[in-house]
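Chemist: One structure coming up, written as structure tokens, with questions to follow.
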Amino acid sequence: MLDLLIFDPMVNGLLLIYDFLFHDFALAIIIFTIIIRLITLPLTLQQQRSTQRMQELQGSKRWQDIQKKFKGDRQKLQEEQLKLYREVGFNPLGGCLPLLIQFPILIGLYQSISNALALAPPQLLNLSKRIYPFVSSSLVPIDSTFLWWDLGQPERLVAPQVLGFGLPVLTILVVVTSWLQTKLTTPPSADAQSKQMSTMMSLYLPLLIGYFSYTYASGLALYFLVSNILTVVQYAAMGKVNWRSMLSLRGA
Amino acid sequence: MPVSLRRLLPALALASVALAACSSTGNPWPGIAADAERAYVAFGPAVYGLNLDTGQEVWRYPQEPVRNRMFYAAPEVTESGLVIIGSYDKQVFALEADTGQEVWTFDEAQERIVGGAVASGETVYVPSADGLVFALDADSGEFLWSFDAEGQVWASPLVTDDRVYVGSLSHVVYALDRASGQPVWNRDVGGAIVDSPSLVDGTLVVGALGRPLTALDPANGEPRWTAESDRWIWASATSTDGVTYFGDLGGRLAAASVMDGALLHQIQLESAITGRPAVGEGLLFVATESGSVHALHLDDLGSEWVEVVPSSKLYGPPVLQDQTLLIGVVGRELLVAALDASGGNIRWRFQP
């Protein structure tokens, strides 16, 4: 079912964009990412609204009072928090659901890139069975080269005269932009636990995404890079970027 | 460890595992060859020599897995008793067919070796994903010549008395002079070629993704005819007695005249046909993705027998050797099934 609804449309869409954009697969990934972000924009906005609502709630006097009153009783604290959520009509999972829905899309995007690149017979066979009749067979195989990158392989800039080893330029860019994105888009929080979570997210998430970028096909790393930049641009356009938190290495 | 970190780490780990699991978009299948005494199976970290009668493992190479070394190409057995096999770590190995002992290696390929080597006389021809086709001395591994196809080559070359025919993923069929490797002609057939061409009755037959089966004049590459298919053609065709047999990814098996490509017979099988059919014992043997092996009559594609290999997917071509039909299996329970070609009964199974 996921194949029919997500993977197949995505891989065919990617191939059509590649065909339209002069057979430049890097450009196709960039445009494809922008389209996916536009499609998932309502989910992103819902997530932002939910996060903002949570921040406001955590800054309220009643929330602070509950924290103080039930500091030593974890179960009671949770019960009171849930009670407060119900009273003000807030769903704490409202921010998670859009994230969860986006995860299959991320997997679909990775599979689309991986299938379209068709690096080995099983992938090419998989692609052959997924391609819609109206997509030209002459597109296969994809030209995966861009600059010094092979988008089907993890990227390394090999400059033996200078370094003597391969420098993962794209991975570094992904880690830096992931960190920037997390820092810029995390609103300040009055709640200690949220603040601690934000600090850890700004450290661990870039490292995790960096690991993916370092290990998997650089086409995926390119998606992460474009996606990070788009997130910052989107938040900036909405006036929600927290530029002050940039100055702090600690959590927002 | 802070409470929130304890919550965060499992979530991140789960995300890692999920993405890693999804990075696999298909399973490779074993490459198989055989001679009168043994079956040779290349899969994953090893090449196996098996007793053809019993399926017992006689040898394996290497004894212990070597980092990044994977074998999926079909092995080739030379007249002098060597098994030639290419690996995903860009090397070619020649092994003693009797013992699996390494005789020579060749490491000048710049990319993986996906397609099987082909031996003819004293020369072995090896395709590489870097677009090069290497001609090596079969007994010593000495480099003789190479040809740059300017596109990945996954298909085994087709070797005749004076020509080497090569199909590339970049849609082009090349005819090379066998002695020197110099190109004689080339022809763009419009689709990626993943299996080797076949030559019968003076006609070169080529299967290409998204294109009809195409027949070329082997002398100059001029098109002669095409035979349509409903879905993409993955495997190449098998030709005998003036008839060429080919399957497509929709499971349609067709028989066409080698003379003009006219459709003679067609049948619909249950799933994709990705392995070139095998001919022998007056029958045509076809494996389908969903695990069925069909023995069909050559004259009308009528069924002689069908055997289902349970819990398996079949992608590679059936290999017929002395009444034994060897089937490479993608599945958890076995790697090779050996069937009786006359009745379809399973003689033995092999799982390393």
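The values are calculated or read from the model by the stated rules, or taken from the named source; none is laboratory data. None of these values were measured; they are calculated from a predicted model. Glycine gets a Cβ as well: all are built from the backbone with ideal geometry, and neighbour counts include every protein chain shown.
Chemist: State all residues of the stretch A:121-144 that are at the interface with chain B (Cβ under 7 Å from one of its Cβ atoms) and without any contact (Cβ under 8 Å) to a residue 12 or more places away in the chain; if no residue qualifies, say none.
Modeler: A:Pro121, A:Pro122, A:Gln123, A:Leu125, A:Asn126, A:Lys129, A:Ser137, A:Ser138
Chemist: Of all the residues that make up the stretch A:30-55, how many are in contact (Cβ under 8 Å) with a residue 60 or more places away in the chain and of a type in the set (D, E, K, R)?
Modeler: Residues meeting the conditions: 1.
Chemist: Give the residue that is farthest from the other protein chains (Cβ to nearest Cβ), with candidates limited to residues of the stretch B:292-329 that are touching a strand residue (DSSP E or B) at 6+ places or on another chain (Cβ under 7 Å) and within 13 Å of B:Arg349 (Cα to Cα).
Modeler: Ranking the qualifying residues of the stretch B:292-329, first place goes to B:Thr324.
Chemist: Among the residues of the stretch A:119-146, count how many are aliphatic (A, V, I, L, M) and either surrounded by fewer than 17 Cβ atoms within 10 Å (Cβ to Cβ) or assigned to a helix (DSSP H, G or I) (or both).
Modeler: 4
Chemist: Can I ask one more? Just for the stretch B:111-131: of the residues that are of a type outside the set (Gly, Ala, Ser) and at pLDDT below 95, which one is nearest to the chain's Cα centre (by Cα)?
Modeler: This residue is B:Val114.
Chemist: Please determine whether any residue of the stretch B:193-215 is within 17 Å of B:Phe106 (Cβ to Cβ), within 14 Å of chain A (Cβ to nearest Cβ) and not in a strand (DSSP E or B).
Modeler: Among the residues of the stretch B:193-215, not one is within 17 Å of B:Phe106 (Cβ to Cβ), within 14 Å of chain A (Cβ to nearest Cβ) and not in a strand (DSSP E or B), which makes the answer no.
Chemist: Whether any residue in the stretch B:104-112 is within 14 Å of chain A (Cβ to nearest Cβ), in contact with an Asp or Glu (Cβ under 9 Å, 6 or more places away or on another chain) and farther than 25 Å from B:Val166 by Cβ is what I want to check.
Modeler: No, the stretch B:104-112 contains no residue that is within 14 Å of chain A (Cβ to nearest Cβ), in contact with an Asp or Glu (Cβ under 9 Å, 6 or more places away or on another chain) and farther than 25 Å from B:Val166 by Cβ.
Chemist: In the list A:Leu167, A:Leu151, which residue meets the criterion of being more than 7 Å from chain B (Cβ to nearest Cβ), surrounded by fewer than 16 Cβ atoms within 10 Å (Cβ to Cβ) and either under 24 Å from the mean Cα position of the chain (by Cα) or at pLDDT 80 or above (or both)? Full working, then the answer.
Modeler: Values: A:Leu151 fails: surrounded by fewer than 16 Cβ atoms within 10 Å (Cβ to Cβ).
It is A:Leu167.
Residues are listed down the side, and each one gets a yes or a no for (1) part of a helix (DSSP H, G or I); (2) among the acidic types (Asp, Glu); (3) over 24 Å from the mean Cα position of the chain (by Cα); (4) modelled with pLDDT of 80 or more:
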{"position": "A:Ile17", "(1), (2), (3), (4)": "yes, no, no, yes"}
{"position": "A:Ala28", "(1), (2), (3), (4)": "yes, no, no, yes"}
{"position": "A:Phe32", "(1), (2), (3), (4)": "yes, no, no, yes"}
{"position": "A:Leu38", "(1), (2), (3), (4)": "yes, no, no, yes"}
{"position": "A:Lys68", "(1), (2), (3), (4)": "yes, no, yes, yes"}
{"position": "A:Lys71", "(1), (2), (3), (4)": "no, no, yes, no"}
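Chemist: Would you be able to tell me the number of residues in the stretch B:29-38 that are within 15 Å of the chain's Cα centre (by Cα) and part of a strand (DSSP E or B)? Let's see the steps before the verdict.
Modeler: Step one: list which residues in the stretch B:29-38 are within 15 Å of the chain's Cα centre (by Cα), which gives B:29-34.
Applying the additional criterion that residues be part of a strand (DSSP E or B) yields B:31-34.
Residues in the stretch B:29-38 being within 15 Å of the chain's Cα centre (by Cα) and part of a strand (DSSP E or B): 4 in total.
Chemist: Shifting gears a bit: Looking only at the stretch B:142-173, count how many residues are away from every other protein chain (no Cβ under 14 Å) and in contact with a Ser or Thr (Cβ under 8 Å, 6 or more places away or on another chain).
Modeler: Going through the stretch B:142-173 one residue at a time, the tally reaches 6.
Chemist: Moving to a separate point now. Does at least one position in the stretch B:227-239 carry a residue that is β-branched (Val, Ile, Thr) and away from chain A (no Cβ under 14 Å)?
Modeler: Step one: filter the stretch B:227-239 for residues β-branched (Val, Ile, Thr), giving B:233, B:238.
With away from chain A (no Cβ under 14 Å) added as a condition, the list becomes B:238.
Yes, the conditions are met somewhere in the stretch B:227-239.
Chemist: Shifting gears a bit: Mind listing whichever residues of the stretch B:167-204 are within 22 Å of B:Ala119 (Cβ to Cβ), under 20 Å from the mean Cα position of the chain (by Cα) and β-branched (Val, Ile, Thr)?
Modeler: Matches in the stretch B:167-204: B:Val173, B:Ile193, B:Val194, B:Val200.
Chemist: Taking B:Ala227 and the conditions (1) hydrophobic (A, V, I, L, M, F, W, C); (2) in contact with a Leu (Cβ under 6 Å, 6 or more places away or on another chain); (3) under 22 Å from B:Thr324 (Cα atoms), which numbered condition does it fall short on, given that it satisfies the others?
Modeler: Every condition holds for B:Ala227 apart from (3).
Chemist: Just checking, how many residues over the stretch A:208-223 are more than 8 Å from chain B (Cβ to nearest Cβ), assigned to a helix (DSSP H, G or I) and in contact with a helix residue (DSSP H, G or I) (Cβ under 7 Å, 6 or more places away or on another chain)? So that I can check it myself, show each step before the final result.
Modeler: Taking the stretch A:208-223 and keeping what is more than 8 Å from chain B (Cβ to nearest Cβ), we get A:209-210, A:213-215, A:217-223.
Of the ones still in play, those that are also assigned to a helix (DSSP H, G or I) are A:209-210, A:213-215, A:218-223.
Then keep just the ones that are in contact with a helix residue (DSSP H, G or I) (Cβ under 7 Å, 6 or more places away or on another chain); that gives A:209-210, A:213-214, A:218-223.
Residues meeting the conditions: 10.
Chemist: Looking at B:Pro28, B:Pro45, B:Pro62, which is the one that is within 12 Å of chain A (Cβ to nearest Cβ) and either at pLDDT 55 or above or surrounded by 13 or more Cβ atoms within 10 Å (Cβ to Cβ) (or both)?
Modeler: Being within 12 Å of chain A (Cβ to nearest Cβ) and either at pLDDT 55 or above or surrounded by 13 or more Cβ atoms within 10 Å (Cβ to Cβ) (or both) holds for just one of B:Pro28, B:Pro45, B:Pro62, which is B:Pro28.
Chemist: Anything in the stretch B:222-247 that is more than 16 Å from B:Leu264 (Cα to Cα) and either assigned to a strand (DSSP E or B) or modelled with pLDDT under 95 (or both)? List them, or say none.
Modeler: Taking the stretch B:222-247 and keeping what is more than 16 Å from B:Leu264 (Cα to Cα), we get B:222-224, B:231-236.
Once the filter is applied, which keeps residues that are more than 16 Å from B:Leu264 (Cα to Cα) and either assigned to a strand (DSSP E or B) or modelled with pLDDT under 95 (or both), the stretch B:222-247 yields B:Pro223, B:Arg224, B:Arg231, B:Trp232, B:Ile233, B:Trp234, B:Ala235, B:Ser236.
Chemist: Name the residues in the stretch B:122-134 that are of a type outside the set (D, E, K, R) and over 17 Å from B:Lys90 (Cβ atoms), would you?
Modeler: Selection gives B:Thr123 alone.
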